[in-house]
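Notes for the one structure printed next.
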Amino acid sequence: MCLWVTRLGETRHKACAALLAASLFSLMRGASCQEAQTGDQNGAQPRVTYQNMTPEQRAAATRAFLGLGAVPDKAAAERGAPIYQQTCAFCHGPQARGATGPSLITSDEVLSDDHGEHLVEFLKKGRPEKGMPAYAPMAEEQLKDIAEFLHLQVEEIANRGAYQVQNIVVGNASDGKAYVAAHCMTCHTAEAFAHIGRKFRSAEQLQRGWVWPAHEGDPATAITATVKTPSGEAISGRVTQVSDFRITLVDAAGQTRAIDLGPGVEVRMNNPLAAHEALILTLRNDDMHNVTAYLNSLKDTLK
């Protein structure tokens, strides 16, 4: 997508929209690209990438990255589940996500607690003025188990590293092929899809790769811009930052150029992945699954 923009307001809007999309994706990718050190302290063994970790390693790495605190005691949470369902679920929902009462997943009382050291006392006192009864007669160990149950609910929502991805190749490959022919061939050639299925470690990565390809690491997909100053100078390069007041480029020589956005400044943005970013807004689940099934089938030959 290339567009000459001469009005400052439009310049800000177009540049910020393109960079915001790229920045948000980079932020999400940053969390998933964390690495865990294996081997001894001298680094004799290679580092294991996030995608190649075991589920337990991914959960631990994500927990550390997000600062989620103590690991919930699953055995205690299992004991606490029926107690919670009997005494709390009617108000806060079966998974503590809210019902007639508020969700406990984002409760300060829950998030500031590790293993019941604060929650137990809170549960004993309750909040009678807000309709929450006191649970002082209940055994302290039972209250701790309820606390662990609540922490496990937070864990299951917040720790994406613990998610178990099921088989996502559930679409119709023939319908996916038709979708690709109708929506993708104006930008891509048939050769671009040859053997594409085996270029990714899993169908999950394949789907993520075609739905929202990454800008980073590939010069061909980098957002670039040409800026014309009031003096007539044209500065071109890869966009690294943009705000209401300034755009920063890295030119072909590797030099960082920061240009103030003001009257008379013209910006031409080029986002090679603009079509993918627009596709996100209209892509249906069925189409996504169908295209993934089709691309996953292209492992040895182009059908």
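The values are calculated or read from the model by the stated rules, or taken from the named source; none is laboratory data. Every value quoted in this text rests on a predicted model; they were computed, and no experiment measured them. Backbone-built Cβ (ideal geometry, glycine too); neighbour counts: all protein chains shown.
Go through (1) free of Cβ contacts under 8 Å to residues at least 60 places away in the same chain; (2) touching a helix residue (DSSP H, G or I) at 6+ places or on another chain (Cβ under 8 Å) and name the single condition ALA147 misses.
Only one criterion in (1) free of Cβ contacts under 8 Å to residues at least 60 places away in the same chain; (2) touching a helix residue (DSSP H, G or I) at 6+ places or on another chain (Cβ under 8 Å) is unmet by ALA147, namely (1).
Restricting the search to the stretch 89-123, which residues are within 12 Å of HIS151 (Cβ to Cβ) and in a helix (DSSP H, G or I)?
GLU109, VAL110, LEU111, LEU119
If SER236 satisfies all but one of (1) hydroxyl-bearing (Ser, Thr, Tyr); (2) more than 26 Å from the chain's Cα centre (by Cα); (3) within 21 Å of THR282 (Cβ to Cβ), what's the number of the condition it fails?
Answer for SER236: the failing condition is (3).
Which pairs turn up if I take residues in the stretch 153-174 that are in contact (Cβ under 8 Å) with a residue 60 or more places away in the chain and outside any loop (DSSP other than H, G, I, E, B) and look for partners that are surrounded by 14 or more Cβ atoms within 10 Å (Cβ to Cβ) and among the polar types (S, T, N, Q) with beta carbon separation below 8 Å, at least 6 apart in sequence or on another chain?
From the stretch 153-174, the pairs are ARG160/THR62; GLY161/THR62; ALA162/THR62; ALA173/ASN290; ALA173/ASN296; ALA173/SER297.
Okay, residues lined up against (1) farther than 30 Å from ALA203 by Cβ; (2) in contact with a Gly (Cβ under 6 Å, 6 or more places away or on another chain); (3) crowded, with 17+ Cβ neighbours inside 10 Å; (4) not assigned by TED's automatic domain parsing to the domain that holds HIS195:
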{"residue": "ILE247", "(1), (2), (3), (4)": "yes, no, yes, yes"}
{"residue": "ALA252", "(1), (2), (3), (4)": "yes, no, no, yes"}
{"residue": "ALA258", "(1), (2), (3), (4)": "yes, no, no, yes"}
{"residue": "PRO263", "(1), (2), (3), (4)": "yes, no, no, yes"}
{"residue": "ASN271", "(1), (2), (3), (4)": "no, no, yes, yes"}
{"residue": "LEU281", "(1), (2), (3), (4)": "no, no, no, no"}
{"residue": "ARG284", "(1), (2), (3), (4)": "no, no, no, no"}
{"residue": "VAL291", "(1), (2), (3), (4)": "no, yes, yes, no"}
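From the set of residues in the stretch 186-201 that are in a loop (DSSP other than H, G, I, E, B) and without any contact (Cβ under 8 Å) to a residue 60 or more places away in the chain, which is farthest from ASN167 (Cα to Cα)?
To start, the set of residues in the stretch 186-201 that are in a loop (DSSP other than H, G, I, E, B) comprises 186-189, 194-195, 200-201.
Now narrow it down to the ones that are without any contact (Cβ under 8 Å) to a residue 60 or more places away in the chain: 186, 188-189, 200.
Working: THR186: 30, HIS188: 27, THR189: 28, PHE200: 15 Å.
Here the answer is THR186.
Report yes if some residue within the stretch 168-179 is surrounded by fewer than 19 Cβ atoms within 10 Å (Cβ to Cβ), within 27 Å of the chain's Cα centre (by Cα) and modelled with pLDDT under 90; otherwise report no.
Checked the stretch 168-179: at least one residue is surrounded by fewer than 19 Cβ atoms within 10 Å (Cβ to Cβ), within 27 Å of the chain's Cα centre (by Cα) and modelled with pLDDT under 90.
If I filter the stretch 124-152 down to residues being among the hydrophobic types (A, V, I, L, M, F, W, C) and in a helix (DSSP H, G or I), which single residue comes out as farthest from PRO102 (Cα to Cα)?
Taking the stretch 124-152 first, the residues among the hydrophobic types (A, V, I, L, M, F, W, C) are 132, 134, 136, 138-139, 143, 146-147, 149-150, 152.
Those left that are additionally in a helix (DSSP H, G or I): 143, 146-147, 149-150, 152.
Details: LEU143: 19, ILE146: 17, ALA147: 16, PHE149: 16, LEU150: 13, LEU152: 17 Å.
This residue is LEU143.
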